[in-house]
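Enquirer: What follows is a structure written as structure tokens; I'll ask about it next.
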Amino acid sequence: MRNLFFLLALACGLPACTTTYYIVRHAERQDNSADTPLSAAGFARADILRDTLLGKGIDLIYASTFQRTQQTAQPLATALQLPLGIYRPDTTAGFIAALKQIRGKQVLVVGHSNTIPQVVEDLSGHIVAIPENDFDNLFVVRIRRAWGSIERTLEQLTYGAPSP
């Protein structure tokens, strides 16, 4: 029996059996224009996100095509010397399908108040909402695959100062 456990553990690669997604909305934006950059508060929050996730072993970073999501993710990407994976927010279903294929990685996803709830729900099975003026949510979805089963957990945290 011990040999069977050992073989299964090797095949699974125990640490590689859990995928963790850190999911955030972009930080505060300068204005309500379509592709607005971050405000000063937003750039400060992006630095706090970097500091919050720096020791988490992030392997992959995704941001939408909008500059505010990329500016939110860039401080961490720069610190970790990782490229930004860019996705189109109008293809959220396809992007989620790609996220579900990732195994054993730590992943940051930066999106929008109208896309992040769908990403969180499809990955975790839990429904969340993000008010229009809320920028401090940090959703942590863990998917553990072991012994033919899948366990999904959602932790809802905040980072930085509360949104005004």
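We did not get these values from a lab; they are worked out from the coordinates using the rules stated. Note that the structure is predicted; figures quoted are calculated from it, not measured. Counting neighbours? That spans all protein chains shown, and the Cβs are built from the backbone with ideal geometry, glycine included.
Enquirer: Rank the residues Leu82, Leu138, Leu108, Leu49 as a footprinting-exposure proxy: fewest other Cβ atoms within 10 Å of their Cβ go first. Before the final figure, lay out each step's value.
Expert: On the way: Leu82 15, Leu138 18, Leu108 28, Leu49 24.
Going from sparsest to densest Cβ surroundings: Leu82, Leu138, Leu49, Leu108.
Enquirer: State, as an integer percentage, the relative contact order of region 13-158 based on alpha-carbon contacts under 8 Å between residues 6 or more apart. Can you show the working numbers first?
Expert: On the way: 289 pairs, mean separation 46.3, N = 146.
Answer for region 13-158 is 32 percent.
Enquirer: Under a Cβ-Cβ cut-off of 13 Å, what is the net charge of the residues other than Asn32 that fall near it, where Lys and Arg count +1 and Asp and Glu count -1?
Expert: Taking every Cβ under 13 Å from that of Asn32, the sum is -2.
Enquirer: Given springs between every Cα pair under 10 Å in a Gaussian network model of the chain, which of Arg50, Arg88, Arg68 has the largest fluctuation?
Expert: Arg88
Enquirer: Let me ask something else. Where does helix 2-12 land angle-wise versus the long Cα axis of the chain, in degrees 0 to 90, nearest 10?
Expert: Orientation of helix 2-12: about 30 degrees from the principal axis.
Enquirer: According to a simple spin-label model (label point 7 Å from Cα along Cα-to-Cβ), what is the distance in nm between Leu82 and Val128?
Expert: 1.7
Enquirer: Describe numerically, in nm with one decimal, the distance between label points set 7 Å from Cα along Cα→Cβ at Ala40 and at Leu60.
Expert: Using points 7 Å along Cα→Cβ, the separation is 3.8 nm.
Enquirer: Estimate the FRET efficiency between Gln101 and Trp147 by the formula 1/(1 + (r/R0)^6), using the beta-carbon distance for r and 30 Å for R0, to the nearest 0.05.
Expert: Calculated transfer efficiency: 0.90.
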